[in-house]
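Each remark here refers to the structure printed beneath this line.
The values are calculated or read from the model by the stated rules, or taken from the named source; none is laboratory data. Note that the structure is a prediction, hence the values are computed from the model and not measured. Because the Cβ atoms are built from the backbone with ideal geometry, glycine has one as well, and the counts that use them run over all protein chains shown. Side chains are part of the model used for accessible areas, which takes the heavy atoms of the whole protein and leaves out ligands, DNA and RNA. Shrake-Rupley method; radii C 1.70, N 1.55, O 1.52, S 1.80 Å.
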Amino acid sequence: MRPEQLQDYALDLAKNTPGVTRVQTLAEAGDTKHPYGLAVSRGKEERWQFIGQLAPGEKFDAPAAPVEGTPASGPAPAGDAGAEEWLAGIVLAAENPQIASVTRWSTREGEHPGNYGLTVDYHNGARTFIRAL
């Protein structure tokens, strides 16, 4: 899954999540610096940049080959969950068969305090890094 595909997927997930008052792509929110990402309002606005890493041997000029496997899963997040926990929760609760794992940066060993984001690993070996702006 490429960043633009995950952006559209996460946009649809967020639109259907209770407590979200507005969700749009960063481009729709007026951000011209970051090509892919979301601006989500859940009381206050949270912005996320999506950056992709291709699967080994994959080329940008060829379409991404979706590979499915056992989906990463987790419970839907509480409405008052922190931004990183909330975003990870909506992705995990959807159980997409292309997504192998979702790692929250704030919970990684040795991570710098205040470094928020996610790494989404796919069954085809590609990754998307979602960085809090």
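Key figures
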| quantity | calculated |
| --- | --- |
| Between 0 and 90°, nearest 10: helix 83-93 axis offset from the chain longest Cα axis | 50 |
| Cα gyration tensor shape of the stretch 1-55, rounded if a/c is under 1.5, else prolate or oblate by comparing a/b with b/c | oblate |
| Sequence of Tyr116, Tyr122 from largest to smallest accessible area, 1.4 Å probe | Tyr116, Tyr122 |
| Shape category assigned to the stretch 56-127 from the gyration tensor of Cα positions, a/c cut at 1.5 | oblate |
| Low-density loop positions, GluC sites (Glu not before Pro), the stretch 77-109 - DSSP coil, at most 12 other Cβ in 10 Å | Glu95, Glu109 |
| Taking the stretch 32-95 and dividing mean pair separation by its residue count, relative contact order in percent (alpha carbons under 8 Å, at least six apart) | 22 |
| Cα gyration tensor, the stretch 23-102 - rounded (a/c under 1.5), prolate or oblate | oblate |
| Mean Cβ neighbour count within 10 Å, used as a protection proxy, ranking 55-67, 35-47 highest first | 35-47, 55-67 |
| Total formal charge among the other residues, if their Cβ is under 14 angstrom from that of Thr70, Lys/Arg +1 and Asp/Glu -1 | -3 |
